[in-house]
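Structure first, commentary second.
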Amino acid sequence: MRVLVVYASKHGATEGIATFVAERLRKGGVDAQARAADEGGELGEVDAVVLGSAVYAGSWLKEALEFAHRHSEELARVPVWLFSSGPLGTEIQDAQTQPKQLDELQRTLHPKDHRVFFGALDRDELGFAERMMVKAVKAPDGDFRDWDAIGGWADAIAGQLGD
Ligand SMILES: Cc1cc2nc3c(=O)[nH]c(=O)nc-3n(C[C@H](O)[C@H](O)[C@H](O)COP(=O)(O)O)c2cc1C
């Protein structure tokens with residue numbers, strides 16, 4: 001059972017989630033690897049794909065959307081799970097919960113699940129425009145990734161593989 005965990009990440013928080021999911025799947029006996037969405041190349045022989053993106057201004061990153069588009073035929077043949085890494089803080093507000101492209105992704109990829117995970121923000125790593133945006137929406141600084149929730153989701157995926 002070979003699983004690819006593909007991610008699009010601007011500042012590393014989503015990459016961390018993808019790496020953690022792949023590690024957790026491996027602990028469950030699954031041959032899983034994390035890989036950046038813009039790495040290119042063939043998907044190869046895969047039995048399932050987990051695809052996740054950071055959410056910026058309500059949208060998935062273009063690398064993740066391009067990956068979904070580029071590999072739509074292969075993805076149609078295997079089970080797919082999606083995740084978004086976005087909201088900061090510990091409470092999800094309605095407007096933030098789903099990326100704008102989710103309906104379209106659901107129509108084309110028919111994922112088994114889409115999960116939103118809290119993200120992380122280090123103000124020192126942001127460029128000027130991003131800092132202004134974050135200031136305007138008063139986004140809190142910090143690492144809000146919920147490793148229990150992420151690990152539990154990975155375990156649920158491991159449990160469904162091969163169903
Ligand atoms: C400029 C900016 C805009 C953001 N916009 C959103 C948003 O619309 N919705 C959301 O849930 N999170 C938003 N976030 C939070 C990021 O998605 C979060 O920090 C994420 O974990 C970053 O992932 P990355 O480090 O992999 O790029 C924004 C963050 C920044 C810096």
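The values are calculated or read from the model by the stated rules, or taken from the named source; none is laboratory data. If you're wondering where the values come from, they're calculated on a predicted model, not measured in any experiment. Positions of Cβ are backbone-derived with ideal geometry, glycine not excepted, and every protein chain shown enters the neighbour counts. Accessible surface is based on the protein model in full, side chains and every heavy atom, while ligands, DNA and RNA are left aside. Shrake-Rupley method; radii C 1.70, N 1.55, O 1.52, S 1.80 Å.
Brief remarks on what is shown
- For ARG24, the stated conditions hold: it is farther than 19 Å from SER72 by Cα and more than 13 Å from the ligand (Cβ to nearest atom).
- Checking each residue in segment 37-80 for being open to solvent by less than 50 Å² (accessible area, probe 1.4 Å), of a type in the set (Gly, Ala, Ser) and not in a helix (DSSP H, G or I) picks out GLY40, ALA48, GLY52, SER53, ALA54, GLY58, SER59.
- Residue count for segment 1-36, restricted to those that are of a type in the set (A, V, I, L, M, F, W, C) and in a helix (DSSP H, G or I): 7
- Residue selected from segment 120-143 under the condition open to solvent by 50 Å² or more (accessible area, probe 1.4 Å) and in a loop (DSSP other than H, G, I, E, B), by the criterion nearest to SER9 (Cα to Cα): ASP122
- When GLU39 is tested against the conditions (1) away from the ligand (no atom under 16 Å from the Cβ); (2) at pLDDT below 95; (3) not small (Gly, Ala, Ser), the lone failure is (1).
- The lone exception for PHE83 - which of (1) under 21 Å from GLY12 (Cβ atoms); (2) among the hydrophobic types (A, V, I, L, M, F, W, C); (3) touching a Leu at 6+ places or on another chain (Cβ under 6 Å); (4) outside any loop (DSSP other than H, G, I, E, B) it fails: (3)
- Among the criteria (1) at pLDDT 90 or above; (2) outside any helix (DSSP H, G or I), the one GLY159 does not fulfil is (2).
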